[in-house]
Amino acid sequence: MIRKLRMGQFKDIAWIGLFLAVMCGFMFWKMGPGLVDLILGDKPLTAEDRLEDLEGTYVSWEAACPLEEYMETTKTTKVNGVSTGTKKHRSSWVVFDENRGICISVEVPAKREDEMMLRADQFYKAMEEGENLPMGGVPVAGTLEKLEGEELRYFEYAMREMGFPEETVVYQIRDGVVHGEPKSNIYGISAISGFLLLILLFILFKTFKNSAGKLIKEYLAAHPEVSMEQLESDFEAAKAMHGVWVGRNWTFSAKLEKMLLDNRQAIWVHTGSVRQGRGVNFYVWWEMLDGSQCQVSLSSEKKCTEIMESYGSFQHMAVGNNPEYGYLLRNDREAFLDMKYRGSMEG
């Protein structure tokens, strides 16, 4: 009995547990490397560092000598599928690295383009007037990676236009982008993943805390006149339907909050549905003598009806969805009990 009820508990949470585990795993796989780098912090790029040794590393650098913007990317905003306009999203620059005598690609968000333009103006002014370039530069931080594809072609074209020789390998730093993902995405999706993980742990904790064995023991402790043997015997003889076992004296199900209910205390069994958002949940409800209500949720109205109809042989219960039952129970409970329960029990 307990084994089957325990299996029912885990079966009920299996699909949502698997979904949450897969979602958490995918998000951590996708964002994990970037999150680890952000937690550990960036490595400042020094004059002594070899770029090829730091490929794939989260680095920070000051772009002191921006030469020219060679590419821009735009972003189109849509509302209800209709474009509301296109605006500049990111700006890519050819930046001269004085320490290594090469040019590096630096990509910054559009909101930082003015910083790059101001620094470029300072650089060209210092060159024209023979003055020292002011210290510092535009601070950027991102994963150091090779420039490839279309961006590389635009970069090489800009280099030829400025009279620079082509580089064998071109490296880039995309400011605010770690392992291909913007920092905001990494933090946001990692936070969602962490929240989903907490939900998964809560579900598992609640399931283990309210295990079938524990709840059955609590029932026996509250009802010393009942033995485990009686429960086991009733369960073995019970009619099993859709995860619910209807016995002569008790009804058992992992879907019940307490795992079982005393049939002798049930005064009305009926079914219904509750709409939640776009979905509909189907229920079997048991109205109990003490005024409480027990319920199980099933996947279809048909399954609920089959369980409800299995109580037709119980003389003390009102069975069915007769609206008069509900009205009478709410407005004249004594009359409802006189209708079937008291006469059957006294007899």
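The values are calculated or read from the model by the stated rules, or taken from the named source; none is laboratory data. Just so we're clear, the structure is a prediction, and the values are computed from it rather than from any experiment. Note: ideal-geometry Cβ built from the backbone for every residue, glycine included; neighbour counts use all protein chains shown. SASA here: full protein model, heavy atoms, side chains in, ligands and nucleic acids out. Shrake-Rupley method; radii C 1.70, N 1.55, O 1.52, S 1.80 Å.
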Among PRO182, ALA141, ASN99 the positive-end extreme of the charge dipole of the chain (Cβ point charges) | PRO182
Report, to the nearest 10°, how far helix 212-222 tilts away from the longest principal axis of the Cα atoms in the chain, using its own Cα long axis and a range of 0 to 90°.
-> 40
Semi-axis lengths (Å, descending) of the ellipsoid that matches the C-alpha gyration tensor of region 230-347 = 22, 20, 11
Carbon/sulfur accessible area of the chain, % of total, 1.4 Å probe, equals 54
Give a residue-ordered list of calculated ³J(HN,Hα) values for region 24-37 (Karplus: 6.51 cos²θ - 1.76 cosθ + 1.60, θ = phi - 60°; whole Hz; x for Gly, Pro).
-> 4, x, 5, 5, 5, 5, 6, 9, x, x, x, 5, 4, 5
Within region 220-324, which GluC sites (Glu not before Pro) sit in a loop by DSSP and count at most 16 neighbouring Cβ atoms inside 10 Å?
-> GLU225, GLU257
Which whole-number value in Å² is the accessible area per residue of region 229-285, probe 1.4 Å?
-> 50
How large is the dipole of the chain about the Cα centre if only Lys and Arg carry +1 and Asp and Glu carry -1, each at its Cβ, rounded to the nearest 20 debye?
-> 2380
Just how many pairs of Lys in region 177-325 have C-alpha atoms closer than 27 Å, counting pairs that are eight or more places apart or on different chains?
-> 22
Looking at SER60, LEU289, PRO165, which one has the Cα that reaches farthest to the positive end of the dipole of the chain (charges on Cβ: Lys, Arg +1; Asp, Glu -1)?
-> LEU289
May I ask you to give the solvent-accessible area per residue for region 69-182, in square angstrom, as obtained with a 1.4 angstrom probe?
-> 58
Cleavage-rule hits, GluC sites (Glu not before Pro), region 28-107, DSSP coil, Cβ neighbours within 10 Å at most 16 = GLU48, GLU55, GLU98
Only loop residues by DSSP count here, and only those with at most 11 other Cβ atoms within 10 Å; note down the trypsin sites (Lys or Arg not before Pro) in region 24-113 that meet that.
-> ARG50
If the chain between SER83 and LEU152 were fully extended at 0.36 nm per residue, the gain over the current Cα-Cα distance would be 21.9 nm
Mean separation of Cα contacts under 8 Å (at least 6 apart) over the residue count of the chain, i.e. the relative contact order in percent, is 14
Tilt, helix 228-237 to longest principal axis of the chain (alpha-carbon atoms), in degrees rounded to tens, equals 90
If you place +1 on the Cβ of every Lys and Arg, -1 on the Cβ of every Asp and Glu, and leave all else neutral, what size is the dipole of region 199-238 about its Cα centre, to the nearest 20 Debye?
-> 440
Residue span GLU115 to GLU236: 0.36 nm per residue of separation minus Cα-Cα distance leaves a gain in nm of 35.8 nm
The whole-number value in µm²/s of the Stokes-Einstein translational diffusion coefficient for the chain, with Rh from the Kirkwood sum over alpha carbon pairs at 4 °C and 1.567 mPa s, is 49
